[in-house]
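Inspection log for the structure reproduced underneath, given as structure tokens.
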Number of protein chains: 2
Amino acid sequence: MTAPALTPGRLAPAPGLPLYRRIRDQLTAALARGEWRAGEAIPPERALAARFGSSIGTVRKAIDELCAANILVRQQGRGTFVTTHDRDRNLFYFFHVVPEDGPKVYPGVTLLAFTRGRAERDAAERLRIGVGDPILRIRNRLTVATVPVVVDDLTLPAARFPGLTERRFRDRPSTIYNLYQASFGIFVVRTRERLRAVRSDPLMAALLGLRAGAPLLQVRRVAYAYRDEPVEYRVSHIDTAHHEYYAEIDA
Amino acid sequence: MTAPALTPGRLAPAPGLPLYRRIRDQLTAALARGEWRAGEAIPPERALAARFGSSIGTVRKAIDELCAANILVRQQGRGTFVTTHDRDRNLFYFFHVVPEDGPKVYPGVTLLAFTRGRAERDAAERLRIGVGDPILRIRNRLTVATVPVVVDDLTLPAARFPGLTERRFRDRPSTIYNLYQASFGIFVVRTRERLRAVRSDPLMAALLGLRAGAPLLQVRRVAYAYRDEPVEYRVSHIDTAHHEYYAEIDA
DNA sequence: AAGTGGTCTAGACCACCAT
DNA sequence: TGGTGGTCTAGACCACTTA
């Protein structure tokens, strides 16, 4: 005498979806409205199973997907925790520049400029905002062992970052993506990057200590939050004379 | 009265590993020795559960991992199949060059050179063979809409490709990775790439119809088979004047 | 010792595909 | 209609962490 697989009414929305996906979406929604903060544990699986009126295996399958999306992290014997954008994580997932020889290291970051402006067509399209909408522009220079290697030009939709000032940006305690998460509830989940080789213009050459015309790796990255919302457009120029851009592709 | 979780003796090797991983490894081994060929269905889950003396859920978890590694593909109602390196798959997973505007298209491939030689240090290290071991060198030019965009220089460890001739390489029915799979049992599962911006030397410039010194995107890719065995070292030079290299990074 | 996630079972029923 | 993978249950026991 097994109970019917679907117990209607317990979890109302989208009855076409399997239960474990509806539970996953409920968890995502709870995360998005801040029920559990970054670094905190979510309730134990047995408690969640009771809350959603499902079996524990179904809750585990929902959590599995959130772990695969790097939104949650399991720790056996301790609990399941909301991922944080700490230094190590950031280095591992989002910083792809490695020295020609030797291990990856965390770069030094210098803020070169912090200005307000209005979105041009390129940035507006990528951030899915209107041309002329208010934006923030930030320029950083990254150094590895005091040698300048990367210049980052960030474009942020101002509407998503209310009250972000140069001081707040400069005095952030941790990584940039950690600031997005802790201060604005924006959790970067995925990025898409387009790369090309370009000639260095005089400005970039000066910032990186190169001759104009030297080849640079240009990376145009859009960072996305929970529901595929673009939240940052970043153009990087990388001097790959003694560093490389590293990518691992499955399958 | 539930049976004990572990039923010792049924699946001998590595008793420290969970059952579903041992089953996964058994399946991988069966795949590697050709028990089921590319494109064929593996036995149904119920049959595998009987064969391994486990419950169906445990077999499913093993298959889940092989699907995640893109070695198997499930099709509801039909069966579970061994992945093939067909054109679409190859385009999707391994060809990252997209036009500046418009959709990705499959490139035309022209074989420029096919020679035998001995491994230099760089290639030997990356392929984990000895310096001086026999290798095959292959040069291809890729065109998009008749415009040359990429020059690929492949280095293959000759020992892994016995009997591969220029004719056989040129007359392959499908993709290069499909040839590796169908003729040599080498299934490319993952690649690692290192990218940098370089100046075009005179030879590359001539092959791509550019002026020497033009910036090129250089990609050095190592392709790996089942157990992290390197099977191909490929250096690509890409003209990114009107094309881009596209990467998607999770988390 | 108590509490967490991790593995495994045995079986029911659903959704989909081929015939 | 019969066979496949997909979902779900209810519960046992294991492995690990913390107090």
Residue count, region A:206-218 (criterion: buried (at least 20 other Cβ atoms within 10 Å of the Cβ) and more than 9 Å from chain B (Cβ to nearest Cβ)):
1
Counting only residues that are more than 8 Å from chain B (Cβ to nearest Cβ) and touching a helix residue (DSSP H, G or I) at 6+ places or on another chain (Cβ under 7 Å), how many does region A:219-251 have?
7
Unmet requirement for B:Glu45, which otherwise passes all of (1) within 13 Å of DNA strand D (Cβ to nearest atom); (2) under 16 Å from B:Tyr226 (Cβ atoms); (3) acidic (Asp, Glu)
(2)
A:Val219 vs (1) within 18 Å of the chain's Cα centre (by Cα); (2) farther than 29 Å from A:Ala241 by Cβ: all pass except (2)
With the condition kept exactly as written, say whether any residue in region B:175-197 is exposed (fewer than 13 other Cβ atoms within 10 Å of the Cβ) and either out of contact with any His (no Cβ under 6 Å at 6 or more places or on another chain) or within 14 Å of chain A (Cβ to nearest Cβ) (or both).
no
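Can you find, within region A:58-113, the residue that is farthest from the other protein chains (Cβ to nearest Cβ) among those that are of a type in the set (Gly, Ala, Ser) and closer than 30 Å to A:Ala206 by Cβ? Give the derivation first.
Of the residues in region A:58-113, the ones of a type in the set (Gly, Ala, Ser) are A:62, A:68-69, A:77, A:79, A:102, A:108, A:113.
Narrowing the set further to residues that are closer than 30 Å to A:Ala206 by Cβ leaves A:102, A:108, A:113.
Details: A:Gly102: 14, A:Gly108: 21, A:Ala113: 24 Å.
The qualifying residue farthest from the other protein chains (Cβ to nearest Cβ) is A:Ala113.
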Among (1) crowded, with 17+ Cβ neighbours inside 10 Å; (2) over 22 Å from A:Asp153 (Cβ atoms); (3) touching a Leu at 6+ places or on another chain (Cβ under 9 Å), which single condition is A:Phe114 missing?
(2)
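Per-residue answers, yes or no, for (1) out of contact with any Lys or Arg (no Cβ under 8 Å at 6 or more places or on another chain); (2) surrounded by fewer than 17 Cβ atoms within 10 Å (Cβ to Cβ); (3) closer than 19 Å to B:Val189 by Cα:
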{"residue": "B:Gly53", "(1), (2), (3)": "no, yes, no"}
{"residue": "B:Arg74", "(1), (2), (3)": "yes, yes, yes"}
{"residue": "B:Val82", "(1), (2), (3)": "no, no, yes"}
{"residue": "B:Phe92", "(1), (2), (3)": "yes, yes, yes"}
Taking A:Pro99, is it at pLDDT below 85, away from DNA strand C (no atom under 15 Å from the Cβ) and surrounded by fewer than 18 Cβ atoms within 10 Å (Cβ to Cβ)?
no
Do any strands (runs of 3 or more DSSP E) lying entirely in region B:29-127 carry at least 1 residues that are out of contact with any Ser or Thr (no Cβ under 7 Å at 6 or more places or on another chain) and aromatic (Phe, Trp, Tyr), and which ones are they?
B:79-82, B:108-118
Would you be able to tell me the number of residues in region A:185-213 that are more than 20 Å from A:Leu111 (Cα to Cα) and not charged (D, E, K, R)?
12
If you scan region A:219-233, which residues turn out to be of a type in the set (D, E, K, R) and either part of a loop (DSSP other than H, G, I, E, B) or crowded, with 21+ Cβ neighbours inside 10 Å (or both)?
A:Arg221, A:Arg227, A:Asp228, A:Glu229, A:Glu232
Within region B:86-103, how many residues are closer than 15 Å to B:Ile238 by Cα and touching a residue at least 40 places away in the same chain (Cβ under 8 Å)?
6
Given the conditions (1) crowded, with 19+ Cβ neighbours inside 10 Å; (2) in contact (Cβ under 8 Å) with a residue 40 or more places away in the chain; (3) over 23 Å from B:Asp239 (Cβ atoms), which single one is not true for B:Ala119?
(2)
Looking at region B:143-155, can you tell me whether even one residue there is surrounded by fewer than 12 Cβ atoms within 10 Å (Cβ to Cβ), in a loop (DSSP other than H, G, I, E, B), in contact with a helix residue (DSSP H, G or I) (Cβ under 9 Å, 6 or more places away or on another chain) and not hydrophobic (A, V, I, L, M, F, W, C)?
no
For A:Leu203, are the conditions met, namely being exposed (fewer than 15 other Cβ atoms within 10 Å of the Cβ) and in a helix (DSSP H, G or I)?
yes
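The values are calculated or read from the model by the stated rules, or taken from the named source; none is laboratory data. Treat the numbers as computed from the prediction; the structure is a model and nothing was measured. Glycine also receives a Cβ, built like all others from the backbone with ideal geometry; neighbour counts cover every protein chain displayed.
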